[in-house]
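These notes are about the structure you will find just below.
Derivation of every value follows stated rules applied to the coordinates shown; laboratory data play no part. Source: prediction; values computed, not measured. No Cβ is skipped: glycine too gets one built from the backbone with ideal geometry, and neighbour counts run over all protein chains shown.
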Amino acid sequence: MQRPMKFTIYTPAGYAVQTKTFIYPHHGGPGAEFWWATLMQLGLCTYDDAQIPMAYFLRPGTTSDCSQFYVEGDGRCFEWCRDPNQPLVFTLYDIPTGCIHAQYVGGPFEKPDLYPYMQYHWSQDDALLMFAILSISIRRWTDIYNLC
């Protein structure tokens, strides 16, 4: 069953010390916020009244093109891996089974108004969906600023 979902990811200007990014699902579920320490440093993510270090979403993966994250609360582990032939395409794998759960296709960095697309292969798992979006968003940010 397909269930189209839309999220708004918005970083307003005007924060003096830290930059804040809002991530809101259009379906009314819980949102998240990124509090960037600086432009070149990861900060904290707040989700469902929890504060999670952003590095939690970028744990070392099975290769240098992969990064792992755990779903808060249940310990499931997943890994985003960049396609070596298409640098804007990432595949989400379940660890340890290796099953494919999603594919993310991002737009070029020089076109900030392009909307990325993620096709996922599960239903009724909003926590996994949010954590997958948080993880790939941080991963793309680190790619933009060459931090990985």
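Numbers below:
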{"item": "5 angstrom amide H check on Arg59, placed H, neighbours 5+ away", "result": "Gln68"}
{"item": "Among Met130, Met40, Met54, residue whose mean-square fluctuation peaks in a GNM of the chain (springs only between Cα atoms under 10 Å)", "result": "Met40"}
{"item": "Residue-wise HN-Hα coupling along the stretch 82-99, computed from phi with Karplus coefficients 6.51, -1.76, 1.60 (Hz; x: Gly, Pro)", "result": "6, 6, x, 9, 9, x, 9, 10, 10, 10, 9, 10, 7, 10, x, 6, x, 5"}
{"item": "Value of [θ]222 nm, deg cm²/dmol, for the chain, DSSP H segments ≥ 4, -39500 (n - 2.57) each, nearest 500", "result": "-4500 deg cm²/dmol"}
{"item": "Within a Gaussian network of the chain (alpha carbon springs, distance under 10 Å), most fluctuating of Gly29, Gly75, Gly106", "result": "Gly75"}
{"item": "Cut-off 12 Å between beta-carbons: net charge of the residues surrounding Leu147, Lys and Arg +1, Asp and Glu -1", "result": "+1"}
{"item": "Cβ-based net charge around Phe34, under 14 Å, with every Lys or Arg adding one and every Asp or Glu removing one", "result": "+2"}
{"item": "GNM flexibility winner over the chain from Ala50, Ala127, Ala13 (Cα, springs under 10 Å)", "result": "Ala13"}
{"item": "Residue list for the stretch 122-137, given a label point 7 angstrom along the Cα-to-Cβ vector of Asp74 and an amide N cut-off under 13 Å", "result": "122-132"}
{"item": "Long-range HN-HN contacts of Gly43 with modeled amide H, under 5 Å", "result": "Ala37, Met54"}
